[in-house]
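The structure under discussion appears below in the form of structure tokens.
The values are calculated or read from the model by the stated rules, or taken from the named source; none is laboratory data. These numbers come from a predicted model, not from an experiment. Cβ sites come from the backbone with ideal geometry, for glycine too, and all protein chains shown count toward neighbours. Accessible surface is based on the protein model in full, side chains and every heavy atom, while ligands, DNA and RNA are left aside. Shrake-Rupley method; radii C 1.70, N 1.55, O 1.52, S 1.80 Å.
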Amino acid sequence: MSIKTVSRKSLPGVRAASRATFPWTAPTWPGEVERPPAKRTLGVDYETEWARSYGARLARVVVTETMTRPIVHLLAAPKVDGLDRLELLDEPVIFAANHASHVDTPLLLSVLPDRWRHRTAVAAGADYFFDRRWKAAFFAFTINAIPIERRRVDRRSAGLAVSLLDDGWSLLIFPEGGRTPDGWGQSHRPGAAWLATRSHRTVVPVYVEGTRRILPRHASRLHLATTRVSFGAPIRPEAGMDPRDLAVRIEKALEVLADEQQSDWWSARRRAAQGSTPALTGPTATPWRRSWALTDRAEAGSRRGRAAEPRWPRL
């Protein structure tokens, strides 16, 4: 009796299995076993600790000082007011600014005093700046951005911001939650105020004017324009202060800074004492009336020294 040798090639089932089995292909998951949820690595879950390592910080200093600052100052030609109000501060603070353009962030970082310029993190919308890996890495490196949930309270993003403040990092945040859609300001969200009351850190209001002329929302081209940055008096949260009350106070401080730019310091202070400071949110009216009021407000600011009272058209 002879024994016939059977090769692997003569067996179709063996031949198919040898071509399409692990480790040559990805392993399969048993259908009867529940699959655990995939680990999220973008949005608020993106890890930014690497962007604050020594090497990343050193590289960011070189990029900021040799590229970002010269380009921003060429585009924006900023005039800066109120730096004397920061002279007595030597602690991490929360810079709360209005938001009109993507130019706001590099402009503000470029005009901050040296002791804050390279020790400030930027609270950026997790849904916009951290939705793709290349965007997340780019903004984490270039502006030291950290992901913040804008639509709801998120313990992870809030905890990261508080821990950075406790570690000696300052924070730049835009309480409006996004860029202005029409040139007027938006109502403030309580995020900056909540962080200040939670971490017991000082808030520095900052008003930026002119960046919308450089790069408005939905625009794709840059334009040369002059800008002005005004730092306000530091606001220290009181013990047990309600974050909503502090949010209102920050918004009022920004309105006074905007009024100072449109008129002068004395007139703005007088209107603040009288409770007649123009609101940054503008008049409640149709879009064309709001646009008209915004143009009239800009013209009033250009007449500084001749007409100290900013005016709106009668509604």
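Quick rundown of the values:
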{"item": "Counted residues, region 227-244 - those being out of contact with any strand residue (DSSP E or B) (no Cβ under 7 Å at 6 or more places or on another chain) and in contact (Cβ under 8 Å) with a residue 60 or more places away in the chain", "result": "1"}
{"item": "Among (1) open to solvent by 30 Å² or more (accessible area, probe 1.4 Å); (2) part of a loop (DSSP other than H, G, I, E, B); (3) within 17 Å of P243 (Cα to Cα) - the single one R198 does not satisfy", "result": "(2)"}
{"item": "All positions within region 80-138 that are of a type in the set (F, W, Y), more than 20 Å from R236 (Cα to Cα) and under 17 Å from the mean Cα position of the chain (by Cα)", "result": "Y128, F129, F130, F138"}
{"item": "All helices (runs of 4 or more DSSP H) inside region 98-184 with 2 or more residues being open to solvent by less than 20 Å² (accessible area, probe 1.4 Å)", "result": "104-111, 133-142, 155-166"}
{"item": "Inter-residue pairs, beta-carbon under 9 Å, first over 17 Å from E49 (Cβ atoms) and in region 135-157, second open to solvent by 40 Å² or more (accessible area, probe 1.4 Å) and not in a helix (DSSP H, G or I), 6+ apart", "result": "R150/R189"}
{"item": "Qualifying positions in region 42-80 - among the aliphatic types (A, V, I, L, M) and under 17 Å from A124 (Cα atoms)", "result": "L42, V44, A51"}
{"item": "Options A51, A59, A76, A26; residue that is farther than 30 Å from G159 by Cβ and open to solvent by less than 50 Å² (accessible area, probe 1.4 Å)", "result": "A76"}
{"item": "Count of residues meeting criterion [assigned to a loop (DSSP other than H, G, I, E, B) and either hydrophobic (A, V, I, L, M, F, W, C) or at negative phi (or both)] in region 66-96", "result": "7"}
